[in-house]
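J.: Got a structure for you, written out below as structure tokens; questions coming shortly.
The values are calculated or read from the model by the stated rules, or taken from the named source; none is laboratory data. All values reported here derive from a predicted model rather than from experimental measurement. As a convention, Cβ positions derive from the backbone with ideal geometry for all residues, glycine included, and neighbour counts pool all protein chains shown. Only protein heavy atoms, including side chains, enter the accessible area calculation; ligands, DNA and RNA are left aside. Shrake-Rupley method; radii C 1.70, N 1.55, O 1.52, S 1.80 Å.
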Amino acid sequence: MTLLASIPSPHTGVIHAGPLSIHMYGLMLLLAIAACIALTGYRWVRWGGDWDLIFRVAVWGVVFGIVGARAYHDLTSWNQVPSQWWGPFAVWQGGLGVWGGILLGSLAGAVVVRLSGARVRDFADAVAPGLLLAQGIGRWGNWFNQELYGKPTHLFWGLKIDFNHRVAKYSQDATFHPTFLYEFIYDLVGVGVLLLLDRRYRFKPPALFALYASIYTFGRFFEELIRVDPAHHFAGLRLNAWVSVVVFLLSTGFFVWWQFFHGGEAEPRQPKRRRVPEGPAMAIPKSRVRP
């Protein structure tokens, strides 16, 4: 019996089912979103919240998240955008920047949570593990597209890449580091760490969200060191490696300050909406009140 010498890659990222063409990259995104909603909803409802808010945040967060993710890709990798008019919107061909997606999606979700009357910082801690889980699942879309892999390797878990998907510099190499798999495993471990810590310790919201950002950017930095896809470089590092460094320092600094040095004890979570005062909306002049 021979051991698996490499990880195969799908020769196409599209599955045809009759008249339908299923883009696996998009399907992985849907699975990632569903997983995030399920885990966040479970946590939020267990804290006393309701599913209605979860679904409303999901709708607006996903829409603005995709817009932000594509905008980040177009701005930072403009040379990879197809020249056709639909090029900036071609999310089915890959090209979603996680930084833009998390930023714009989180802002949109925060607005929805704020308008509902719940505390944004509580919801941020509820969604943190779900976001990391979604990012790990979403990486499988890169496997179907044969993109964003690492440097060549002869390790038995090396990822086979078809010739037409190889970076020109490594066109004669056949197997590469499966960075999608590295991030998937790392993100799953990170989800477990967040859930375990949240269960054992009392965090001051949104400290857990800050910790999520630190965990993700720590691993993403080392992933950027081995990726070979085209990217802009500054001082010898890829752009996203620098972004990881900056976000890690900011999130970690905030976590330490907020959790350990910010005044006050950890407040009870308040997932439910603030109650609207009962009674008349406006006072009635006494002269108008009939006996």
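J.: Just to check your reading of the model, which residue among Gly26, Gly100 is part of a helix (DSSP H, G or I), surrounded by fewer than 21 Cβ atoms within 10 Å (Cβ to Cβ), out of contact with any strand residue (DSSP E or B) (no Cβ under 9 Å at 6 or more places or on another chain) and at pLDDT below 90?
T.: When all the criteria are applied, what remains is Gly26.
J.: Next question. Please enumerate the residues belonging to the range 197-251 that are over 28 Å from Val127 (Cα atoms), in contact (Cβ under 8 Å) with a residue 60 or more places away in the chain and touching a Phe, Trp or Tyr at 6+ places or on another chain (Cβ under 9 Å).
T.: Ile226, Arg227, Val228, Asp229
J.: Out of the residues in the range 147-185 meeting the condition of being touching a helix residue (DSSP H, G or I) at 6+ places or on another chain (Cβ under 8 Å) and of a type in the set (D, E, K, R), tell me which one is surrounded by the most Cβ atoms within 10 Å (Cβ to Cβ).
T.: Among residues in the range 147-185 that are touching a helix residue (DSSP H, G or I) at 6+ places or on another chain (Cβ under 8 Å) and of a type in the set (D, E, K, R), the one surrounded by the most Cβ atoms within 10 Å (Cβ to Cβ) is Glu183.
J.: Could you tell me which of the residues Arg269, Arg290 is closer than 26 Å to Ile102 by Cα, modelled with pLDDT under 95 and open to solvent by 70 Å² or more (accessible area, probe 1.4 Å)?
T.: Unique residue meeting the criteria: Arg269.
J.: Give me the residue from the range 186-210 that is open to solvent by less than 30 Å² (accessible area, probe 1.4 Å) and not in a loop (DSSP other than H, G, I, E, B) and, out of that set, nearest to Gly253 (Cα to Cα).
T.: If we take residues in the range 186-210 being open to solvent by less than 30 Å² (accessible area, probe 1.4 Å) and not in a loop (DSSP other than H, G, I, E, B), then Ala210 is nearest to Gly253 (Cα to Cα).
J.: For Leu155, state whether it is more than 24 Å from Ala32 (Cα to Cα), outside any helix (DSSP H, G or I) and modelled with pLDDT under 95.
T.: So Leu155 fits the description; yes.
J.: Moving on. Give the residues of the range 103-151 that are part of a helix (DSSP H, G or I), under 25 Å from Ala168 (Cβ atoms) and under 18 Å from the mean Cα position of the chain (by Cα), sorted by residue number.
T.: Matches in the range 103-151: Gly141, Asn142, Trp143.
J.: Please determine, by comparing only the residues of the range 50-77 that are among the charged types (D, E, K, R) and farther than 13 Å from Ile37 by Cα, which one is modelled with the highest pLDDT.
T.: Arg70
J.: Are any residues in the range 211-245 among the aliphatic types (A, V, I, L, M), over 21 Å from Leu159 (Cβ atoms) and open to solvent by 70 Å² or more (accessible area, probe 1.4 Å), and if so, which ones?
T.: Within the range 211-245, Ala235 is the sole residue that qualifies.
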